[in-house]
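The values are calculated or read from the model by the stated rules, or taken from the named source; none is laboratory data. For clarity, every value in this text was computed on a predicted model and none was experimentally measured. Note: ideal-geometry Cβ built from the backbone for every residue, glycine included; neighbour counts use all protein chains shown. Remember, those area values only see protein heavy atoms, side chains included, never the ligands or the DNA or RNA. Shrake-Rupley method; radii C 1.70, N 1.55, O 1.52, S 1.80 Å.
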Amino acid sequence: AGCEKEPSSYMWIYILLGNMLRGIGETPITPLGISYLDDFSKEENVPVYVACLHTIAMMGPMFGFLLGSLCAKLYVDIGFVDPGSITITPQDSRWVGAWWLGFLIGGATSFLSAIPFCFLPRSLKKPEEANKDKTSHGLLESTGAVRNKLSPEKTKPRKWSVMLKGKLLGNRMYFTFLCCSLLQFSGFIGFLTYKPKYMEQQYGQSTSKSNFLIGMTSLPPVGLGIFLGGLIMKKYKMGIIGATKFSFTMSFLAYAISLLHFFVGCDNYVVAGMTASYE
């Protein structure tokens, strides 16, 4: 009778709000950070700097998986119960790791890493003053100067629908890149999300070991590839057409190699009522 009760935990609400706040704080780093690098760096160095930015971003999930592997070895009520009284092991299906510990460590680390941003200067010295008007900062300044000269009738705010249709969705290059990014990230996230569970079910690995293997084998090659791509673009000084051809070639080879996953695997477990009869 003690087990027949409805779950009353609202912890998922705190996790939802925490992830929302984290997303709000992380969002400006990528778009504004890339624009910041583009404005105050030499043109040939921008690909390397952006590659470094994304490489460091890929190291985060890698350390996250390693941290998750460590936390999964600890019992969920660590610090509140006597470890000697725990009779099950991480290999037991009833084992629940200390999933909440990763949020505390990650949150504290994120807060400490955000402090140096407060000391960044508002503006840096441009490498080439002659190209000032070609940067987004120069365009913003010139746009503001023109806007001040215009009459109030000509500075009415534009509707979002008009901006999306005219500037964003109307740009074929941007729209194509957006569609490609959606497809790539959808496939990558699905692969990264379900591969640990696949390793647990098919190969009989614990949650801790599955997270450790994913963190050490899947993410470092991605970060290394991003960094090498930035170096190659800098060395050969690729323009938009050259970068597109390079991206298409590498993506085609990646998808061709990914087809080998169809030939890797093992037999399913015998499950009564599904793959075998109850008898």
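Calculated accessible area for the range 169-256 comes out at 71 Å² per residue, all protein chains present (probe 1.4 Å; ligands, DNA, RNA ignored).
Here r is the Cβ-Cβ distance between residue 63 and residue 30 and R0 is 25 Å; the resulting FRET efficiency, rounded to 0.05, is 0.85. Multiplying each eigenvalue of the alpha-carbon gyration tensor of the range 18-96 by 5 and taking the square root yields semi-axes of 43, 14, 8 Å, largest first, rounded to whole angstroms.
Each principal axis of the Cα cloud of the range 169-236 was evaluated for its coordinate range; sorted largest first, these ranges are 49, 31, 13 Å. In this structure the amide hydrogen of residue 74, modeled in the peptide plane, comes within under 5 Å of the amide hydrogens of 98, none closer than 5 places in sequence on its chain. Per residue, the average separation of C-alpha pairs within less than 8 Å and at least 6 apart gives the range 1-115 a relative contact order of 18 percent.
For the set 125/234; 125/235; 42/237, the pairs lying more than 19 angstrom apart at their alpha carbons are 125/234; 125/235. Solvent-accessible area assigned to carbon and sulfur over the range 230-279 amounts to 69 percent, based on a 1.4 Å probe.
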